[in-house]
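**Student:** There's a structure below that I have some questions on.
What follows draws every value from the coordinates through simple rules; no lab data is involved. Computed from a predicted model, the values in this text were never measured in an experiment. Methodologically, a virtual Cβ is constructed for each residue, glycine included, from the backbone with ideal geometry; neighbour enumeration extends over all protein chains shown.
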Amino acid sequence: MATTTLVPLEEYLATVYEPDCEYIDGEVLERNMGESDHSGLQGLLVGWLISRRKQLGIHVFPEMRTQVAPKRFRVPDIAVTTTPVAGRILREPPFLCIEILSPEDRASRIEEKIDDYLRFGVAHIWLLDPRKKRAWSYTREGKREATNVLTTDVPRMQLPVLELFDELAEEIKGEQ
């Protein structure tokens, strides 16, 4: 049976993890990341968002600690806000959180993370699987698979999913 060592919140907040870890009710959780498809897709998404930030009035934050509840901190692959961020931790719900799946991700952990975002008040969550070339959108109204375009409203964004995965395939050769 695995044991878990609980870490005080103050210690988590004072510690720099490489890569950053999430904090869930006293437990420090490592994040799955770092492979070429995950990293490549994250870079493409950040570039796509940054190139539209002034037009859409958005602010883009890769891997920023986000306090979703008093003792729960998530680190979305990308958080998008419609207002500037004050401080080193995001304490207001982002407009959009984007998560990119890694092969080691478990459905139950991803679902718990999405539920945390929705309870926190995040309006839109995009989940992308670079290996299966699939994408989903989550809102308070539910989940839908995006076969062509991921969208948001106010501000209105339309991310062409198939083009994004094609661009990723051009960047990354091999194990796709």
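**Student:** When a footprinting reagent is the concern and you count Cβ atoms within 10 Å, what order do Cys21, Cys97 take, fewest first?
**Tutor:** Working: Cys21 18, Cys97 28.
Ranking Cys21, Cys97 by Cβ neighbours within 10 Å, fewest first, gives Cys21, Cys97.
**Student:** Output the peptides 150-163, 123-136 sorted from most to least packed, where packing is the average of other Cβ atoms within 10 Å over each peptide's residues. Could the numbers behind the result be given before it?
**Tutor:** Numbers: 150-163: 14.7, 123-136: 19.4.
Per-residue Cβ counts within 10 Å, averaged per peptide and sorted highest first, yield 123-136, 150-163.
**Student:** Also: If R₀ is 35 angstrom, what is the calculated FRET efficiency for the pair Leu9 and Asn148, using the beta carbon separation as r and rounding to 0.05?
**Tutor:** Details: r = 42 Å, r/R0 = 1.21.
Plugging the Cβ-Cβ distance into 1/(1 + (r/R0)^6) gives 0.25.
**Student:** Further, regarding this structure: Quick one: if the Förster radius is 25 Å, what FRET efficiency do Arg52 and Asp25 give, using the C-beta to C-beta distance and rounding to 0.05? Please report the intermediate quantities before stating the final value.
**Tutor:** Values: r = 36 Å, r/R0 = 1.45.
For Arg52 and Asp25, the calculated efficiency is 0.10.
**Student:** Which of the residue pairs Lys143/Lys173; Lys54/Lys113; Lys71/Lys143; Lys132/Lys173; Lys113/Lys133 have a Cα-Cα distance greater than 24 Å in the structure shown?
**Tutor:** Working: Lys143/Lys173 31 Å; Lys54/Lys113 29 Å; Lys71/Lys143 26 Å; Lys132/Lys173 15 Å; Lys113/Lys133 21 Å.
In this structure, Lys143/Lys173; Lys54/Lys113; Lys71/Lys143 lie more than 24 Å apart at Cα.
**Student:** Once phi is turned into θ = phi - 60°, what whole-Hz ³J(HN,Hα) does the Karplus curve with 6.51, -1.76 and 1.60 give for every residue of segment 85-99, x standing for Gly and Pro?
**Tutor:** In residue order, the calculated couplings are 9, 9, x, 8, 10, 7, 10, 10, x, x, 5, 9, 10, 10, 10 Hz.
**Student:** By how many degrees, 0 to 90 and rounded to 10, does the Cα axis of helix 161-171 deviate from the longest principal axis of the chain?
**Tutor:** 80 degrees
**Student:** Right, here's the next one. Taking the Cα atoms only, what angle lies between the long axis of helix 107-120 and the longest principal axis of the chain, rounded to 10 degrees?
**Tutor:** The two axes meet at around 90 degrees.
**Student:** Over segment 3-120, what is the relative contact order in percent, taking alpha-carbon pairs closer than 8 angstrom and at least six residues apart?
**Tutor:** Details: 159 pairs, mean separation 25.6, N = 118.
About 22 percent, as a whole number.
**Student:** Report, by chain and number, residues whose modeled amide H sits under 5 Å from the one on Val7, excluding near sequence neighbours (fewer than 5 apart, same chain).
**Tutor:** Here the answer is Glu27, Val28, since their amide H atoms fall under 5 Å of that of Val7.
**Student:** Turning to a different aspect of this structure: For the chain, take every pair of Cα atoms, bin their distances at 5 Å starting from 0, and report each bin as a whole percent.
**Tutor:** 1, 8, 17, 21, 21, 16, 9, 4, 2, 0, 0
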